[in-house]
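A.B. asks: Let me give you the structure first, and then I'll get to my questions.
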Amino acid sequence: MSEAEDEPTVLVVDFGAQYAQLIARRVRELNVYSEIVPHDITAAEVADRRPVALVLSGGPKSVRIDGAPELDPDIYDLDIPTLGICYGAQLIASQLGGELSRYDQGEYGRTEMRRIAGTDASLLHDGLPAEQTVWMSHFDAITRVPDGFTAIAETDAAPVAAFESVERRIYGVQFHPEVGHTPNGMAVMEQFLWREAGCAPQWTMGNVIDHAVHTIRGQVGTGRAICGLSGGVDSAVAAALVHEAIGSQLTCVFVDTGLMRKDEGEQVVETFRRNQGIELIHVRAGDEFFDALAGVTDPEEKRKIIGEKFIRIFERAKGGITDAHFLVQGTLYPDVIESGTKDAAKIKSHHNVGGLPDEIDFELVEPLRNLFKDEVRAVGAQLGLPDEIVWRQPFPGPGLGVRIIGEVTAEKVAILQDADAIVREELRNAGLEREIWQAFAVLPDIRSVGVMGDERTYAHPAIIRAVTSEDAMTADWARIPYDILEAMSSRIINEVSGINRVAYDITSKPPGTIEWE
Ligand code: XMP
């Protein structure tokens with residue numbers, strides 16, 4: 001069931017997952033709730049959802065090839081304001097009787113678009129210059145609009161860069177209003193949503209919280225819920241939201257694996273138990289993990305041991321809460337889309353420590369199911385979670401266990417924690433923390449010779465890994481300025497005993513992965 005079921009909803013029809021997600025996020029940035037639906041949704045299903053507007057996304061295919069995804073044509077007769085973007089615009093043109101043809105070169109990148117004479121009254125033009133820069137990415141061109149439609153903008157290469165039927169409330173834009181390279185793109189979407197579709201900007205984080213609290217209370221009633229905290233932003237916000245709704249009926253379990261970043265365990269306890277007043281079971285299990293990992297060097301074996309141990313300890317801890325019927329999970333909207341829509345690319349699945357045990361005898365409470373990551377952060381901030389948690393970078397379930405190459409020992413963890421803390425602190429001081437997807441230190445299983453003062457040293461190197469990424473599927477090594485790398489290096493060598501050399505990893509993904517194991 002949708003948490004935002006009675007919220008006026010824009011349905012974004014998915015012709016290519018990445019495009020659809022970006023559009024859905026932009027609609028929400030304009031404070032209108034949006035959901036992504038697969039392109040084979042039927043007219044009856046759309047009518048049933050009673051959306052305030054439809055947006056047809058762009059997509060990687062050509063409308064002109066056999067088997068190109070289409071829209072149930074009856075949807076166009078439902079009198080729902082509709083905006084087609086790129087592929088979506090071409091599809092409208094082609095399904096309603098216009099013409100497309102293939103370009104030799106296509107249009108790609110920043111393009112000057114002009115208003116067509118006599119179309120000044122179009123609502124998509126309102127308040128915008130007669131000529132503007134837009135971002136294009138297409139090979140097919142619309143050469144004739146369907147009967148009853150008017151071409152309202154053109155470029156040197158495309159006779160129809162935007163078109164409309166005011167009567168049918170259908171609009172098409174060949175350019176991408178959802179990308180930052182189209183400076184007036186949000187204004188175009190705003191005109192469509194607010195003026196044509198009559199949306200009110202009411203999807204705010206305050207409303208999201210009120211709504212979620214109401215829904216959680218309805219689901220849980222007087223029951224008890226438990227939540228596994230990993231220290232990451234998703235489980236943290238889910239817990240805070242559920243606590244807002246049901247207070248002391250929630251108990252959190254935090255399994256401290258001893259493989260977390262420096263002071264992270266303490267910070268989780270401080271934030272949740274002391275500041276938020278949440279009942280928290282803190283299991284200090286470091287020794288158990290180190291015992292289980294003794295002598296183990298194979299990365300996959302390490303992951304397996306850590307994952308299994310985690311589940312056993314979590315089960316043991318939650319066994320003490322015998323009357324809990326609900327389990328809180330921090331599932332996000334992209335996870336829901338990825339497991340649910342036909343066009344989304346498959347993502348690599350990780351064993352997520354803190355994730356679901358194999359057999360579940362709980363009913364799930366998933367208060368973030370409809371939210372994108374940026375919305376989750378905004379909710380977390382509004383609920384009073386500290387920046388360190390709200391803006392925490394992704395961290396692998398097996399923690400530092402997969403950043404220590406070779407055998408994991410308490411001593412190596414302590415060395416790595418200190419080096420890692422310096423990497424992140426220097427980045428934060430330089431104001432770069434939020435631009436970088438992940439930055440951390442890795443401790444390889446080698447030693448090298450150095451000299452410090454008059455002494456020969458023989459110690460580990462630390463490897464700095466910092467990447468930029470949109471979604472962790474691909475990543476590039478971050479171009480951190482030399483002076484910041486220099487500060488990291490000299491501080492690590494001077495302050496962390498056990499390290500005498502620092503290297504920077506300049507491998508992108510692929511062919512590398514973000515983590516070293
Ligand atoms: P790789 O190393 O495959 O990592 O490029 C991609 C992203 O996933 C994170 N990661 C994990 N997350 N459990 C998790 O919850 C895991 O076992 C795990 N392994 C890697 C990694 O930090 C990066 O963000």
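A.B. asks: How about the range 370-388: which of its residues are more than 16 Å from the ligand (Cβ to nearest atom) and of a type in the set (A, V, I, L, M)?
C.D. replies: Once the filter is applied, which keeps residues that are more than 16 Å from the ligand (Cβ to nearest atom) and of a type in the set (A, V, I, L, M), the range 370-388 yields Leu371, Ala378, Val379, Ala381, Leu383, Leu385.
A.B. asks: Could you list all residues from the range 377-401 that are in a helix (DSSP H, G or I), closer than 30 Å to Thr322 by Cα and at pLDDT 95 or above?
C.D. replies: Of everything in the range 377-401, those that are in a helix (DSSP H, G or I), closer than 30 Å to Thr322 by Cα and at pLDDT 95 or above turn out to be Gly380, Gly399.
A.B. asks: Right, something else. How many of the residues in the range 178-197 are under 24 Å from the mean Cα position of the chain (by Cα) and either at pLDDT below 95 or part of a loop (DSSP other than H, G, I, E, B) (or both)?
C.D. replies: 6
A.B. asks: For Pro510, which of the numbered conditions (1) within 16 Å of the ligand (Cβ to nearest atom); (2) assigned by TED's automatic domain parsing to the domain that holds Ile422; (3) out of contact with any helix residue (DSSP H, G or I) (no Cβ under 6 Å at 6 or more places or on another chain) fails to hold?
C.D. replies: (2)
A.B. asks: Oh, and also: When Gly453 is evaluated against the numbered criteria (1) within 20 Å of Ala419 (Cα to Cα); (2) open to solvent by 30 Å² or more (accessible area, probe 1.4 Å); (3) free of Cβ contacts under 8 Å to residues at least 60 places away in the same chain, which criterion, by number, is the only one it fails?
C.D. replies: (1)
A.B. asks: Taking Gln329, is it in contact with a strand residue (DSSP E or B) (Cβ under 6 Å, 6 or more places away or on another chain) and farther than 29 Å from Lys412 by Cβ?
C.D. replies: Taking the combined requirement at face value, the residue satisfies it.
A.B. asks: Would you check if there is a residue in the range 434-444 being more than 16 Å from the ligand (Cβ to nearest atom), open to solvent by 30 Å² or more (accessible area, probe 1.4 Å) and not assigned by TED's automatic domain parsing to the domain that holds Ala378?
C.D. replies: Scanning the range 434-444, I find no residue that is more than 16 Å from the ligand (Cβ to nearest atom), open to solvent by 30 Å² or more (accessible area, probe 1.4 Å) and not assigned by TED's automatic domain parsing to the domain that holds Ala378, so the answer is no.
A.B. asks: Tell me whether the range 500-517 contains one or more residues that are over 25 Å from Pro396 (Cβ atoms) and part of a strand (DSSP E or B).
C.D. replies: Residues of the range 500-517 over 25 Å from Pro396 (Cβ atoms): 500.
Still in the list and also part of a strand (DSSP E or B): 500.
Yes, there is a match, as at least one residue in the range 500-517 is over 25 Å from Pro396 (Cβ atoms) and part of a strand (DSSP E or B).
A.B. asks: Checking Ala414 against (1) part of a helix (DSSP H, G or I); (2) within 12 Å of the ligand (Cβ to nearest atom); (3) surrounded by fewer than 17 Cβ atoms within 10 Å (Cβ to Cβ), which test does it fail?
C.D. replies: With (1) part of a helix (DSSP H, G or I); (2) within 12 Å of the ligand (Cβ to nearest atom); (3) surrounded by fewer than 17 Cβ atoms within 10 Å (Cβ to Cβ) applied to Ala414, the lone miss is (2).
A.B. asks: Can you list the strands (runs of 3 or more DSSP E) lying wholly within the range 124-177 that have 2 or more residues being surrounded by fewer than 24 Cβ atoms within 10 Å (Cβ to Cβ)?
C.D. replies: Of the strands (runs of 3 or more DSSP E) lying wholly inside the range 124-177, those with at least 2 residues that are surrounded by fewer than 24 Cβ atoms within 10 Å (Cβ to Cβ) span 131-144, 150-154.
A.B. asks: Filter the range 358-376 down to residues that are surrounded by 21 or more Cβ atoms within 10 Å (Cβ to Cβ) and hydrophobic (A, V, I, L, M, F, W, C) and give me whichever is modelled with the lowest pLDDT.
C.D. replies: Leu371
A.B. asks: So in the range 454-475, with the set limited to residues that are within 17 Å of the chain's Cα centre (by Cα) and assigned to a strand (DSSP E or B), which one is nearest to the ligand (Cβ to nearest atom)?
C.D. replies: So the first thing to find is which residues in the range 454-475 are within 17 Å of the chain's Cα centre (by Cα), and the list is 467-475.
If we keep only those that are assigned to a strand (DSSP E or B) as well, we get 467-468, 475.
Values: Val467: 8, Thr468: 12, Ala475: 7 Å.
Only one residue tops the list, namely Ala475.
A.B. asks: When the residues of the range 273-318 are narrowed to those that are among the acidic types (Asp, Glu) and within 16 Å of the ligand (Cβ to nearest atom), which ends up nearest to Ile246 (Cα to Cα)?
C.D. replies: Result: Glu308.
A.B. asks: I would also like to ask the following. Among the candidates Gly206, Gly247, Gly265, single out the residue that is part of a helix (DSSP H, G or I), surrounded by fewer than 23 Cβ atoms within 10 Å (Cβ to Cβ) and touching a strand residue (DSSP E or B) at 6+ places or on another chain (Cβ under 6 Å).
C.D. replies: The unique qualifying residue is Gly265.
A.B. asks: Which numbered condition trips up Glu425, out of (1) away from the ligand (no atom under 16 Å from the Cβ); (2) outside any helix (DSSP H, G or I)?
C.D. replies: Only one criterion is unmet by Glu425, namely (2).
A.B. asks: Going through Glu264, Glu279 one at a time, which residue ends up being free of Cβ contacts under 8 Å to residues at least 40 places away in the same chain and over 25 Å from the mean Cα position of the chain (by Cα)?
C.D. replies: Selected residue: Glu279, the only one of Glu264, Glu279 that is free of Cβ contacts under 8 Å to residues at least 40 places away in the same chain and over 25 Å from the mean Cα position of the chain (by Cα).
For (1) surrounded by 17 or more Cβ atoms within 10 Å (Cβ to Cβ); (2) under 24 Å from Pro146 (Cα atoms), each residue gets a yes or a no:
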| site | (1), (2) |
| --- | --- |
| Asp6 | no, no |
| Pro38 | yes, no |
| Leu96 | yes, yes |
| Tyr103 | no, yes |
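A.B. asks: Looking only at the range 393-411, how many residues end up being under 30 Å from Val376 (Cα atoms) and open to solvent by less than 10 Å² (accessible area, probe 1.4 Å)?
C.D. replies: Residues meeting the conditions: 6.
A.B. asks: Grab the helices (runs of 4 or more DSSP H) fully contained in the range 1-107, keeping just those with 3 or more residues being over 28 Å from Thr155 (Cα atoms).
C.D. replies: 43-49
A.B. asks: All but one of (1) over 29 Å from Thr204 (Cβ atoms); (2) crowded, with 17+ Cβ neighbours inside 10 Å hold for Thr82, so report the exception by its number.
C.D. replies: (1)
A.B. asks: Can you tell me which residue in the range 476-496 is least open to solvent (accessible area, probe 1.4 Å), limited to those that are small (Gly, Ala, Ser) and touching a residue at least 40 places away in the same chain (Cβ under 8 Å)?
C.D. replies: Looking at residues that are small (Gly, Ala, Ser) and touching a residue at least 40 places away in the same chain (Cβ under 8 Å), I get Ala478.
A.B. asks: Scan the range 422-436 and report the pairs whose first residue is under 12 Å from Val467 (Cα atoms) and whose second residue is surrounded by 15 or more Cβ atoms within 10 Å (Cβ to Cβ) and among the aromatic types (Phe, Trp, Tyr), with Cβ atoms within less than 9 Å and a gap of 6+ or a chain change.
C.D. replies: Hits for this filter: Glu433/Trp391; Arg434/Trp391.
A.B. asks: Give the range 1-17 a look and list any residue that's touching a residue at least 40 places away in the same chain (Cβ under 8 Å) and closer than 26 Å to Ala378 by Cα, or say none.
C.D. replies: Listed by number, the residues that qualify are Ser2, Glu3, Ala4, Glu7, Pro8, Thr9, Val10, Leu11, Val12, Val13, Asp14, Ala17.
A.B. asks: When only residues in the range 178-199 that are among the charged types (D, E, K, R) and within 13 Å of Ile23 (Cα to Cα) count, which is least open to solvent (accessible area, probe 1.4 Å)?
C.D. replies: Checking each candidate, the answer is Glu178.
The values are calculated or read from the model by the stated rules, or taken from the named source; none is laboratory data. Model, not experiment: these values are computed from the prediction. In this analysis, Cβ positions are derived from the backbone assuming ideal geometry, glycine residues included, and neighbour counts consider all displayed protein chains. Just the protein is used for accessible areas: all its heavy atoms, side chains included, with ligands, DNA and RNA removed. Shrake-Rupley method; radii C 1.70, N 1.55, O 1.52, S 1.80 Å.
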